[in-house]
1. Just checking, how many residues over region 44-78 are under 14 Å from Leu32 (Cα atoms) and among the aromatic types (Phe, Trp, Tyr)?
2. I'm trying to understand the selection: among the residues of region 26-50, which are surrounded by fewer than 12 Cβ atoms within 10 Å (Cβ to Cβ) and either touching a Gly at 6+ places or on another chain (Cβ under 8 Å) or assigned to a loop (DSSP other than H, G, I, E, B) (or both)?
3. Out of the residues in region 57-83 that are hydrophobic (A, V, I, L, M, F, W, C) and in a helix (DSSP H, G or I), state the one that is nearest to the chain's Cα centre (by Cα).
Amino acid sequence: MTGARFTDGAAVDFDIGVDPAGLADEDLFRELASLYRTRLDTLRYGPDAALENHFRRTAELETEYMARCPGREVTPDRLTQAF
């Protein structure tokens with residue numbers, strides 16, 4: 001990480017954000033919720049660089065979530081016949 005600093009024990013790169021591996025579960029969920037909340041506005045109105053950053057950050061956070069919760073609960077009502 002270039003330009004990394006430490007905040008509350010987690011490495012922060014102010015160009016890309018907090019390393020997802022350094023986030024507590026509650027902070028990871030909060031970061032994901034924030035991204036989902038801003039997704040449509042970023043897609044519709046954000047410059048290309050903001051959209052690229054959104055894609056990258058979403059992938060980082062979702063990858064970390066999946067690594068922590070590989071056996072996550074899947075609600076049967078959410079499944080379609082194709083799955």
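Values quoted throughout were computed directly from the atomic coordinates according to the rules given, and no laboratory measurement underlies them. The model shown is predicted, which means the values in this text are computed figures rather than measured ones. Cβ coordinates were reconstructed from backbone atoms using ideal geometry, including for glycine residues, and neighbour counts include every protein chain displayed.
1. Summing the residues that are under 14 Å from Leu32 (Cα atoms) and among the aromatic types (Phe, Trp, Tyr) in region 44-78 gives 2.
2. Residue satisfying the conditions is Pro47 alone.
3. To start, the set of residues in region 57-83 that are hydrophobic (A, V, I, L, M, F, W, C) comprises 59, 61, 66-67, 69, 74, 79, 82-83.
Next cut, in a helix (DSSP H, G or I) only: 59, 61, 66-67.
Details: Ala59: 6, Leu61: 3, Met66: 11, Ala67: 12 Å.
It comes out as Leu61.
Results for (1) over 18 Å from Cys69 (Cα atoms); (2) within 11 Å of the chain's Cα centre (by Cα); (3) without any contact (Cβ under 8 Å) to a residue 40 or more places away in the chain, shown as yes or no for each residue.
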position: Gly22; (1), (2), (3): no, no, yes
position: Asp27; (1), (2), (3): no, yes, yes
position: Ser34; (1), (2), (3): yes, yes, yes
position: Phe55; (1), (2), (3): yes, yes, yes
